[in-house]
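The values are calculated or read from the model by the stated rules, or taken from the named source; none is laboratory data. Since the structure is predicted, the reported quantities are computational estimates derived from the model, not experimental observations. Note: ideal-geometry Cβ built from the backbone for every residue, glycine included; neighbour counts use all protein chains shown.
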Amino acid sequence: MTSLYRLDCTAREIAGRFGARLGDDPWGGGYVARDRFAPVITAGHDFIAGPRPPGGMLQPRIVPRLWGVLPPSGSDDPMRRISTVRNPDSPFWIGNLRNSEFRCIVPATSVMLWCSGIDYEGRRLKHWFAPEDGGIFAIAGVWKDEDIPAFALLTREASGAAKAAGCNAMPLILPSDDRSLQTWLHGGWDAARLLTERPAPIPLIERDMEPD
C-alpha cells in the first residue's frame with residue numbers, strides 16, 4: 001500500500017478543481033507522508049463533529065487533517081496511526097463511513113506504492129503512479145473526530161499498471177464527475193458504497209519521480 005503521495009498544486013487550484021471553499025489552508029504543493037498534515041475536502045464541520053444544519057448542505061471546504069488516525073483501544077501499538085482503510089465493514093470504520101459528514105475527498109497528483117521486487121541492496125521497490133494528464137484526482141477518504149482530526153485513505157485491490165508492477169492494493173480513486181463527488185460527500189452509505197465497487201475510473205501510469 002502507500003505511505004506517501006504528492007499533491008503538486010496550491011490550495012487555490014484544489015478549490016477550483018473541486019468547487020470547494022478555499023478556507024485558510026496555506027498548502028502550496030509538495031508531498032504528504034503519514035503523520036503529516038494535508039488538505040482534504042469535507043462537507044462536514046471544520047473541526048468538531050456535529051449534525052449539519054437542518055434542511056441544507058454545508059458547502060465543501062478545504063481543511064487540514066492529519067494523515068493517520070489513532071488505532072482502536074487495545075492495539076498492540078497504540079501510537080502507530082492507521083493510514084488506510086482495508087475493510088470498510090470493520091466496526092472501527094463503518095460508523096464514520098455511514099455518516100457522510102465524516103467522508104472526505106483527498107486530492108492528490110501522484111501516489112507511491114510498494115510493489116513486488118527488491119533492489120540490489122534487498123530493499124523493496126517504490127513505484128510512483130499518476131494520471132497520464134498529470135491532473136489532480138480524488139481519493140476516497142474518511143476522517144475521525146480526535147484531539148487532532150485525522151483521516152485515512154480507502155483502498156482497493158490493485159488494477160492496471162499498479163497490478164502489473166506487483167502491487168496488491170492501491171488508493172480508491174473516485175470518479176471525477178461532480179455527481180459522484182457530491183454523492184461521496186453528502187449521499188447515504190448505500191449510494192456512496194457503490195462508488196467503491198466500480199472499476200477504477202482513472203487509469204494511472206507509472207512515473208519516475210521522488211519526493212522533495
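Taking the stretch 118-165 as the search range and keeping residues that are modelled with pLDDT under 90 and either within 11 Å of the chain's Cα centre (by Cα) or in a strand (DSSP E or B) (or both), which one is nearest to P39 (Cα to Cα)?
K126
With respect to the numbered conditions (1) of a type in the set (G, A, S); (2) over 16 Å from the mean Cα position of the chain (by Cα); (3) crowded, with 17+ Cβ neighbours inside 10 Å, which one is the sole condition not fulfilled by G188?
Of everything listed in (1) of a type in the set (G, A, S); (2) over 16 Å from the mean Cα position of the chain (by Cα); (3) crowded, with 17+ Cβ neighbours inside 10 Å, G188 misses just condition (3).
Select, from R207, R179, R198, the only residue that is among the basic types (K, R), more than 16 Å from the chain's Cα centre (by Cα) and buried (at least 16 other Cβ atoms within 10 Å of the Cβ). Can you show your working first?
Numbers: R179 fails: buried (at least 16 other Cβ atoms within 10 Å of the Cβ); R198 fails: buried (at least 16 other Cβ atoms within 10 Å of the Cβ).
The conditions single out R207.
How many residues does the stretch 78-109 hold that are closer than 17 Å to Y5 by Cα and more than 12 Å from the chain's Cα centre (by Cα)?
Total satisfying the criteria: 2.
Any residue that is at pLDDT below 95, assigned to a loop (DSSP other than H, G, I, E, B), of a type in the set (G, A, S) and buried (at least 17 other Cβ atoms within 10 Å of the Cβ) - is there at least one of those in the stretch 15-28?
For the stretch 15-28, residues at pLDDT below 95, assigned to a loop (DSSP other than H, G, I, E, B), of a type in the set (G, A, S) and buried (at least 17 other Cβ atoms within 10 Å of the Cβ): present.
Looking at A152, is it under 29 Å from C9 (Cβ atoms) and surrounded by 17 or more Cβ atoms within 10 Å (Cβ to Cβ)?
For A152, the condition - under 29 Å from C9 (Cβ atoms) and surrounded by 17 or more Cβ atoms within 10 Å (Cβ to Cβ) - is met.
Looking at the structure I just gave you, is D133 out of contact with any strand residue (DSSP E or B) (no Cβ under 9 Å at 6 or more places or on another chain) and more than 28 Å from W189 (Cα to Cα)?
So D133 fits the description; yes.
Can you name the residue in the stretch 75-107 that is of a type in the set (A, V, I, L, M, F, W, C) and not in a helix (DSSP H, G or I) and is also modelled with the lowest pLDDT among such residues?
M79
I'm trying to understand the selection: among the residues of the stretch 36-51, which are modelled with pLDDT under 95 and in a loop (DSSP other than H, G, I, E, B)?
Residues satisfying the conditions are A43, G44, H45, D46, F47, I48, A49, G50, P51.
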